[in-house]
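Accompanying notes for the structure given below.
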Amino acid sequence: MKKIGLIGGMSWESSALYYRLLNQSVRERRGGLHSARCVLGSVDFADIERMQVAGEWAAAGEVLAQEARSLEAAGAEVIVLCTNTMHKVAGTIESAISVPFLHLVDVTAAAIVGAGLSTVVLLGTRFTMEEQFYRERMAANGVRTLVPDAPGRAAVNRVIYEELVLGVVRDESRCELREIVEGLVAEGAEGVILGCTEIELLLGEDDVSVPVFASTALHAAAAVDVALEGTPDT
């Protein structure tokens, strides 16, 4: 089994979800007492969030690239970045390492295309929804993304940063995000990307009328595929 390197801490709630999903998946596929071989580098989210707000993406990319180098030095054979938003600096991370980097957007897009869909809602931080790095990579994979209007984007961003990253899950916020999604479904969306790990703590398949593509769950499953490639399942 290959060792998975996790760049985490953005937020730690997100990293905890990745860790649980990786280990559950390995246990389901290998049985018995099997668990994932992984190593975690966890940054201080307050530092990264400050850089996000200040537009200091190059500096943030270097912080994460150094974490990736450390993970590779610790024996990681594939690197997973445990956050959607910071895939904005994925290129900086990839260029810093010699082991494969598993890109979350490519994995999510493959699942959408595999389901026969082409137009989906994208929910995430305001950086993910408003900047082009995520949407352009989706488009390159054949997926068109719709995002909420300005008030809707502000609402989603608020729920992420003021509630979910702090571990707060409110039914009122679930209803708010559900209404946002259904409004875009009425405009032609065929599914919804949960493009922020923490949103997976709030929304699920039973909450909306279209297929849900949980980027974290898809990313973790793909990482396990890489880790177990060439090993027998039980």
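The values are calculated or read from the model by the stated rules, or taken from the named source; none is laboratory data. Please read all numbers here as calculations on a predicted model, not as lab measurements. We place every Cβ from the backbone using ideal geometry, glycine too, and count neighbours over all the protein chains shown. These accessible areas exclude ligands, DNA and RNA; they are computed on the full protein's heavy atoms, side chains included. Shrake-Rupley method; radii C 1.70, N 1.55, O 1.52, S 1.80 Å.
Each Lys and Arg Cβ is given +1 and each Asp and Glu Cβ -1; about its Cα centre, the chain then shows a dipole of about 620 debye.
Entry note, the chain: the mean residue ellipticity at 222 nm calculated from DSSP H runs of n ≥ 4, each adding -39500 (n - 2.57), is -16000 deg cm²/dmol after division by the residues and rounding to the nearest 500. Please compute the modelled spin-label separation between residue 186 and residue 58, points set 7 Å along Cα→Cβ, answer in nm with one decimal. For residue 58 paired with residue 186, the spin-label model returns 4.5 nm.
Each eigenvalue of the Cα gyration tensor of region 58-142, multiplied by 5 and square-rooted, gives one semi-axis; in descending order these are 25, 15, 9 Å.
Taking other residues whose beta carbon is less than 14 angstrom from the beta carbon of residue 200, and scoring Lys, Arg as +1 and Asp, Glu as -1, yields -4.
Please give the net charge around residue 92, taking every other residue with its beta carbon less than 13 angstrom from that of residue 92, where Lys and Arg add +1 and Asp and Glu add -1. Cβ neighbours under 13 Å give a net charge of -2.
Compactness ratio for region 106-148: Cα radius of gyration over 2.2 N^0.38 Å (N = residue count) comes to 1.06.
Which whole-number percent of Cα pairs in region 172-217 have a distance greater than 16 Å? Beyond 16 Å sits 29 percent of the P(r) for region 172-217. Given in Å, the Rg to one decimal and the Dmax to the nearest whole number for the Cα atoms of region 131-234 are 15.4, 49.
Once both labels are positioned 7 Å from their Cα atoms along Cα-to-Cβ, the gap between residue 136 and residue 178 label points is 3.7 nm. Rounded to the nearest 20, the size of the Cβ-charge dipole of region 113-195 about its Cα centre is 240 debye, with Lys and Arg at +1 and Asp and Glu at -1. The residues of region 141-218 expose on average 42 square angstrom of accessible surface per residue, using a 1.4 Å probe on protein heavy atoms. Looking at region 1-84, the accessible area is 44 square angstrom per residue; that uses a 1.4 Å probe and ignores ligands, DNA and RNA.
Derived scalar couplings between HN and Hα for region 123-132 equal 10, x, 5, 4, 5, 5, 6, 9, 8, 9 Hz in order, rounded to whole Hz, by the Karplus curve 6.51 cos²θ - 1.76 cosθ + 1.60 (θ = phi - 60°), x for Gly and Pro. Comparing mean-square fluctuations of 41, 204, 114 from a GNM of the chain with C-alpha springs under 10 Å, the top value falls on 114.
Within the accessible area of region 32-130, the carbon and sulfur atoms contribute 51%, probe 1.4 Å, all protein chains present. Dipole of the chain (Lys/Arg Cβ +1, Asp/Glu Cβ -1, origin at the Cα centre): which of 132, 230, 185 lies farthest to the positive side? About the Cα centre, the residue reaching furthest to the positive side is 230.
About its Cα centre, the dipole of region 7-83 is roughly 520 debye, where the only charges are +1 on Lys and Arg Cβ and -1 on Asp and Glu Cβ. Taking Cβ atoms as reference points and 13 Å as the exclusive limit, the residues near residue 173 contribute a net charge of -4, counting Lys and Arg as +1 and Asp and Glu as -1.
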